Amino acid sequence: MTAIPSSSAEAGTLTQDTMMVVAMARLLRDGERVFHGVASPLPMIAILLAQRLHAPNLVYINITGGINALPETLPRTTVDPRLTHGSHVIFKLAEIFDMSARGDLDTAFLSGVQIDGAGRINMSVIGPYERPKVRLPGGAGSAAILPTARRTLLWRTRHDPRTFVEELAFVTAAGNVDRVVTPLCIFVKREGRLQLESIHPYSSAEEVRAQTGFKVETEGVPLTPAPTTEELAALHAIDPQSVRLIEFKG
């Protein structure tokens, strides 16, 4: 696998953290209601970036219950009370699930320890359920939100055959997946399967095929457009301390 630095501090180098957060921001639309949950620094920053650049009327809903919050500084955890600063109103978590069930949640960010070729996620166990090799933290509300949000954007900061598998041994949640953003590429779900939509500029078709546990068609797939000067400047203004790198550590 190509060695890609994960710190955007290296001048002139396009890095995984920068490419991923910019790609995620570009997928958001003006005027929609967007939610992220716990352990979601990249979605947090992507939402704020989209609001600044092209989606000023996007409604940002976070796990703390903040609506269009304006944190003075970005917290290192997405359950920090600072994510309610400047909020229009405070939401109860149960109301997020009600909103999604009513069809009023436009986009949700979710992730999974494993993601299969159908865009389903596993956050429960690796191996047999009765005697798993690894017991994972569980899906929290993903099983309720993934099938009810109008669309879900998945992200994962690791891309290898153990993460992107042909089929899951245990399905924690499945539903309305739109796209999956990884350090190497963007997948789009079409006809029930994840298909390659674009490859990040520092990666290659060969690398994506080698690091994906299900078959992907790479012929004719374009490169993901590199971040523009405007996008990079806005990202630095929003996240000067590079909080986004938390997801790449360990």
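General observations
- Residues located in region 1-39, provided they are at pLDDT 95 or above, out of contact with any strand residue (DSSP E or B) (no Cβ under 7 Å at 6 or more places or on another chain), in a loop (DSSP other than H, G, I, E, B) and more than 19 Å from A237 (Cβ to Cβ): R29, D30, G31
- Residues located in region 172-193, provided they are among the charged types (D, E, K, R) and in contact (Cβ under 8 Å) with a residue 60 or more places away in the chain: D178, R179, K189, R193
- A205 being at pLDDT 95 or above and more than 29 Å from I61 (Cβ to Cβ): yes
- Scanning region 173-198 for residues that are closer than 16 Å to L27 by Cβ, surrounded by 20 or more Cβ atoms within 10 Å (Cβ to Cβ) and of a type in the set (A, V, I, L, M) gives V177, V180, V181, I186, L194, L196.
- Lone qualifier among L53, L42, L74, L48 - being under 13 Å from L235 (Cα atoms), at pLDDT 95 or above and surrounded by fewer than 22 Cβ atoms within 10 Å (Cβ to Cβ): L53
- Within region 215-227, residues that are modelled with pLDDT under 95 reach no partner that is in a loop (DSSP other than H, G, I, E, B) and open to solvent by 80 Å² or more (accessible area, probe 1.4 Å) with beta carbons closer than 8 Å at six or more positions or on different chains.
- Here G86, G112 are screened, and the one residue that is open to solvent by 40 Å² or more (accessible area, probe 1.4 Å), in contact with a Leu (Cβ under 9 Å, 6 or more places away or on another chain) and part of a loop (DSSP other than H, G, I, E, B) is G86.
The values are calculated or read from the model by the stated rules, or taken from the named source; none is laboratory data. Remember, predicted model here, so these are calculated numbers, not experimental data. Reconstructed Cβ throughout: ideal geometry from the backbone, glycine too, with neighbour counts over all protein chains shown. Side chains included, ligands, DNA and RNA excluded: accessible areas come from the protein's heavy atoms. Shrake-Rupley method; radii C 1.70, N 1.55, O 1.52, S 1.80 Å.
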